[in-house]
Amino acid sequence: MAMKKRACQAFALIAGTFIVPYAMGAPSNAQHESQDVAALHTLWNNYQQAIAKKDAAALLGMYVSEEAPILGGFAPKSYAVVSAANKQPVPRSLPTTAKQDVAGEIRMPPDQTENLDIHSDGEVGSVSWDYKAKVGHGRIIWATIHTNDGWKIASVVYSINVPAADSAGS
């Protein structure tokens, strides 16, 4: 009988740890997800505003480190056009760091953006969008992480489609 009583007490204790947070009004996973997506949207908005203001310090502060990796990759037609223009093969991808990217970012006019897409599980997230600029267009994807200082950009990958490739034959 004592064993059954202990088993019931243990069950009640375990069940209580799952039920009490909901009874106390703890946010659901959907609420957390919504808060994280909103926070990542704010990060993206702040980034766009810092680009418009040409604020390199603010931009760099949005990365986990100034050494965060940034990697651009040429789309096939663009790679062919760029290689032909250089009269030799060029690297298919362009690695850089956040610090180097920010230095270039503040020299260029802001991109046109559309199709913003944000996802998060509360600890990591992705923010992606299509961009259009005078030098080309493509898609940018941020890998983000929730740090003690809030959401930060951990890495960036992006596609490169140069305008000359848009008019090149199929």
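A single member of K99, K132 is in contact with a Leu (Cβ under 7 Å, 6 or more places away or on another chain) and basic (K, R), and it is K99.
In the range 124-161, of all residues being in a loop (DSSP other than H, G, I, E, B) and at pLDDT below 95, the one that is surrounded by the fewest Cβ atoms within 10 Å (Cβ to Cβ) corresponds to K134. State whether one or more residues within the range 34-52 are loosely packed, with under 12 Cβ neighbours inside 10 Å, of a type in the set (S, T, Y) and farther than 20 Å from V157 by Cα. No, the conditions are met nowhere in the range 34-52.
Of all residues in the range 96-124, those satisfying the criterion of being in contact with a strand residue (DSSP E or B) (Cβ under 6 Å, 6 or more places away or on another chain) and not hydrophobic (A, V, I, L, M, F, W, C) are T96, D101, D111, Q112, T113, E114, N115, D117, H119, E123. Being within 16 Å of the chain's Cα centre (by Cα), surrounded by 12 or more Cβ atoms within 10 Å (Cβ to Cβ) and not basic (K, R) is a description that does not apply to D117.
The values are calculated or read from the model by the stated rules, or taken from the named source; none is laboratory data. Just so you know, these numbers come straight off a predicted model, no measurement behind them. All Cβ positions, even for glycine, are placed from backbone atoms using ideal geometry, and neighbour counts span all protein chains on display.
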